1. What are the radius of gyration and Dmax of segment 401-554, computed over its Cα atoms and given in Å?
2. Could you give me the percent of Cα pairs per 5 Å distance bin for segment 97-176, shortest bin first, beginning at zero and ending with the bin that holds the maximum distance?
3. Could you work out the equivalent-ellipsoid semi-axes for segment 344-400, taking the square root of 5 times each eigenvalue of the Cα gyration tensor, largest first, in whole Å?
4. Could you pull the Cα extents of segment 220-312 along its three principal axes, largest to smallest, in whole Å?
5. For a quick size check, give me the Cα extents of segment 478-520 along its three principal axes, largest first, whole Å.
6. Based solely on C-alpha atoms, express the radius of gyration and the Dmax of segment 176-340 in angstrom.
7. Taking H placed 1.01 Å from N in the peptide plane, check which residues at least 5 places from Ala488 or on another chain put their amide H under 5 Å from its amide H.
8. Once each part is reduced to its C-alpha centroid, what is the distance from segment 336-369 to segment 383-417 in angstrom?
Amino acid sequence: MPMEPVAPMSLEEARAAEDADSRQLLSAATVEEALAVLVEIARRLTRAHQATVVMTPTVGKTRGASVTSLSRAYEVWGGYAVPSGDEPGRTARERRSARAEPRGRISASLPSDAGVLYLFDREVGDFSREDELALHRLARLAGLALESARLLREEQQARSEAEAAEQRAAFLADASRLLASSSLDPKATLDTLARLCVPILADWCFVDIVDESGTVQRTSVAHAEPDLDALARRVRDFPPGPEGSAHPTTRVARQAESLLVDNIDDAWLRAVSVSEAHFETMREVGFHGILAVPLLARGRSLGALTFLAVRPSRHYNPTDLETAQDLARRAALLVDNARLYREARRSVRLRDEFLAVASHELKTPLTPLQLRLQWLRRQTRKDRPFLPTPLVVSQLDVVQRQVDKLSGLVHGLLDVSRLSSGRLTLHREDVNLEAVAREVKDRLAVPASQAGSPVSLSLQGDLRGHWDRVRLEQVLTNLLANALKYGAGQPVHIALRGEADRVLLRVEDSGIGIAREYQSHIFERFGRAVSERHYGGLGLGLYITRQIVEAHGGEIGVRSEPDMGSRFEVSLPRHESTA
Ligand code: ADP
């Protein structure tokens, strides 16, 4: 390609061109743009084939930037490697210039050691002294341009940080308003909260809640990309980690400790994953940062609020942690209030149920009692001064049984009111639990045979301790009576085992069992897991039992599966604790 002859410039033209160059250089908005303009001007001014700026590496960066500008001829020929050049139709001059032999190099340092500007291969002749001077002027100007571009970038950054802070404050205000709008359906509110958090605070946001049975459940999942719904469903339905696992959100929810990790890699995902599927799901989400905080209320963790960073520019820092903790505190309050409200309603419902059951139970013995008394009165009115004794006795037996039943119920009620106000006093004495067990088993022989459940007893080790005998009779009676009542006519087994400092008592049946969600309630006052239509009972026996066991410093628990039976286990320390 033939070189265009360069028309000589007048002085004024040259000044105007220099002014235009300076303006273009100084108006560059970014360092990259300033460098691109710089190499272009430098190449044009010196008529070099190639201009390059190599920037000095700065602290924290291993490589400096490098920008190059090539003359068209250089671009076309691809540098020094030129075809052999004997094509027909080319003049000797064209062939010579097409060979583009390097004709020297000239360089100028940018101010403050920022980098070096190199020029290679002048189009005509060698670089001149003027080229060198022009280059040094240009380098100084470039120094100014780079500095101003840098300042501009800092200012832009500061502005965008201020905007982000403003956005965040507005978001927090929105979130607080949302969380304060005392909703009794926390699920809906938490869903909205999660949605509010993306994309301002996160690319993904989850809420995990520890439910009343201690299971962690992911209730809300929000994400920034609309086409990720299928993945989001997988993320939501993924089962929580088992107790003690490293599963990140399960851990935060259970152990009430915040988690902040940036630069997450596969090794980290491996370490916290609970299964291959979990690892794959986390990888697919593709997060490099996680911020998870517990939902704390009244010193208890009710769950976790989790933010994930997917886009590379998002990084979590301690300020984000504080923001998240603040949000989590408000969200926890909401969850806690809703829970308290639910519990209060449950107590009211239980009390109402109890009143219905109690009046029914108290009334049941009254009917036969009244009938017998009316009969006796009728007999005495018929001028029959002497009724046959066996007849009277049989009637009185019925009367006595009903009165016993009533007095048992009334005693139970009194016991409960006494226990509830903390007035249970134990009368400790030396007791052999074996004797108590045999006695209770004998006493319940009739109900056992009516239920069709044979009762077996196994004994092991030393079963003596310092306990309240009457109260322990009550414990065993309640447990055995329940096993017969709910045991579906299957055998019932009582096992006593003496250990070093305590005695274990176990009552096991193979009856209707208790669903998991009721298991923690049956030891409460009026707590029942069955419908009052099918089974009578005040729901007080296990409450009283637990109070007695705990007054002895012991513990009671249940293991049960619906239709598989129940196993109640009591652990009783042999002696009163001196602590
Ligand atoms: P209740 O008078 O209703 O039997 P309890 O306090 O003794 O009251 O028991 C509370 C509830 O626990 C019962 O209503 C029943 O639902 C459940 N329950 C207790 N023992 C058993 C058992 N052995 N098998 C199945 N359910 C039981």
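Each value in this text was obtained by applying a stated rule to the coordinates, not by laboratory testing. Worth saying up front: this structure is predicted, and the values here are computed from it rather than measured.
1. For segment 401-554, the Cα radius of gyration and maximum Cα-Cα distance read 15.5, 44 Å.
2. 3, 12, 14, 12, 10, 9, 8, 7, 6, 5, 5, 4, 3, 2, 0
3. For segment 344-400, the ellipsoid semi-axes come out as 40, 10, 4 Å.
4. 39, 27, 25
5. If we take the Cα atoms of segment 478-520, the spans are 34, 25, 16 Å.
6. According to the Cα coordinates of segment 176-340, Rg and Dmax are 14.6, 42 Å.
7. Ile512
8. Between the Cα centre of segment 336-369 and that of segment 383-417, the gap is 27 Å.
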